[in-house]
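Visitor: Take this structure first; my questions come after.
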Amino acid sequence: MVFRFLSSGASLFALLLGIANSGYIPQSGSERYRGEFMRTPSSISPVPTKKARWKKIAAGILSAIFVLWIGLVAFIWRAMHKTPEDFARVMSHMPWEIFLAVPFETMWTRARAGDLNIGDSAPDFSLLRLDKTATIHFSEINKTQPVVMVFGSYT
Amino acid sequence: MVYITEAHPSDVWQMESNVKEKVVFATPKNEEERAFIAGACVRKLGIKFPAVLDEFGNSTEKAYTGWPDRIYLIDQNGHVAYKSRPGPFGFKADELGANLAKLPKSHTSDKLQPKPE
């Protein structure tokens, strides 16, 4: 089962690498099985050369890396949808190379897109000023002028 | 400025740059501690514009998806006129400047107009 999964992954990768027609990588599951069932005792199987064997091994390794990479992307994507605290906790265990290994910025931009879009009504809020002198009601200050909001923290 | 939950507290996901810049704070455990860090931020960075503190349940951050940092421009009718991409990649003040310039003059006070360079 695992081998069949890897083999189909290998086909995809081989296509990308331009070696799909090398003749040693299964083109599709159905063709492979048809070949096995139609084989007669008189048929002679081609003996793979050393180079072909290495190609097959390389395709298997690349497929395994590809599958692992997809798993990593899925893991990071899922973490990006968690709360900021949980996401930070996950990322604290990751090496910095993770930013190079996955399309981090694209994923981050999509995961943190939020529900608020251009043209939507801005959600109202009432928050205490840092100096605790007053409570700011957003709708009140927005009545008379546009408002720029900068969300952020120190760290 | 809306002060929200820390991006890189020392007990969770501290960055080397935080240590270099001596911005080392653990996750605040209550609103008082958050206010303390926010105060330090405003003082040390010399932030002049009004700053408010998101409540400890992070309701404003959730409503605006503001973490770790983000810029919004809300027009006088209460509609979102500009929303930056999420920080740190999407935090671009020049984009805000360009969108401020697009607002009708009658909608902007002198304070909000970008200053000519």
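Visitor: How would you rank B:Lys105, B:Lys44, going from fewest to most other Cβ atoms within 10 Å of each one's own Cβ?
Guide: Exposure proxy ranking, most exposed first: B:Lys105, B:Lys44.
Visitor: Continuing with this model, one more query. Got a sec? Charge dipole of the range B:2-64, +1 on Cβ for Lys and Arg, -1 for Asp and Glu; which of B:Phe36, B:Gly46, B:Gln14 is way out at the positive end?
Guide: Going by the charge dipole, the pick is B:Gly46.
Visitor: Something else about it: Considering only C-alpha atoms, what is the centroid distance from the range B:16-95 to the range A:74-121, in Å?
Guide: Rounded to whole Å, the Cα centres lie 17 Å apart.
Visitor: Something else now. Could I have the simple spin-label model distance between A:Ile141 and A:Ala52, label points 7 Å from Cα toward Cβ, reported in nm to one decimal?
Guide: The answer from the label model is 7.4 nm.
Visitor: Further question: At what distance in nm do the modelled label points of A:Leu128 and A:Ala64 sit from each other, each positioned 7 Å from its Cα along Cα→Cβ?
Guide: 5.7 nm
Visitor: For the range B:61-106, state which chymotrypsin sites (Phe, Trp or Tyr not before Pro) are in a DSSP loop and have at most 15 other beta carbons lying within 10 Å of their beta carbon.
Guide: B:Phe89
Visitor: Separate question: Mind giving me the FRET efficiency for A:Arg89 and A:Asp115? R0 is 25 Å, r the Cβ-Cβ distance, nearest 0.05 is fine.
Guide: Efficiency computed from Cβ-Cβ geometry: 0.55.
Visitor: Can you pull out the trypsin sites (Lys or Arg not before Pro) in the range A:80-155 whose DSSP state is coil and whose Cβ has at most 12 other Cβ atoms within 10 Å?
Guide: Working: sites: A:Lys82, A:Arg89, A:Arg110, A:Arg112, A:Arg129, A:Lys132, A:Lys143; in loops: A:Lys82, A:Arg112, A:Lys132.
Passing both the DSSP loop test and the Cβ count: A:Lys132.
Visitor: If you line up the Cα atoms of chain B on their principal axes, what length do they span on each, largest first, in Å?
Guide: 46, 32, 24
Visitor: Which pairs break 20 Å Cα to Cα here: B:Lys48/B:Lys105; B:Lys22/B:Lys44; A:Lys82/B:Lys44; A:Lys132/B:Lys22; A:Lys82/B:Lys62?
Guide: From the list (B:Lys48/B:Lys105; B:Lys22/B:Lys44; A:Lys82/B:Lys44; A:Lys132/B:Lys22; A:Lys82/B:Lys62), the Cα-Cα distance tops 20 Å for B:Lys48/B:Lys105; A:Lys82/B:Lys44; A:Lys132/B:Lys22.
Visitor: Taking the Cβ of A:Pro123 as the centre, find all other residues whose Cβ is under 13 Å away and add up their charges (Lys, Arg: +1; Asp, Glu: -1).
Guide: -3
Visitor: Something else about it: Peptide B:78-90: average number of partner chain Cβ atoms within 10 Å per residue? Intermediate results must be reported in sequence, preceding the final value.
Guide: Values: counts 11, 7, 9, 6, 3, 8, 2, 6, 10, 5, 3, 6, 4.
What the average comes to for B:78-90 is 6.
No lab work stands behind these numbers, since they all come straight from the coordinates. The shown structure was predicted, so the numbers you read here are calculated from the model rather than taken from an experiment. Cβ coordinates were reconstructed from backbone atoms using ideal geometry, including for glycine residues, and neighbour counts include every protein chain displayed.
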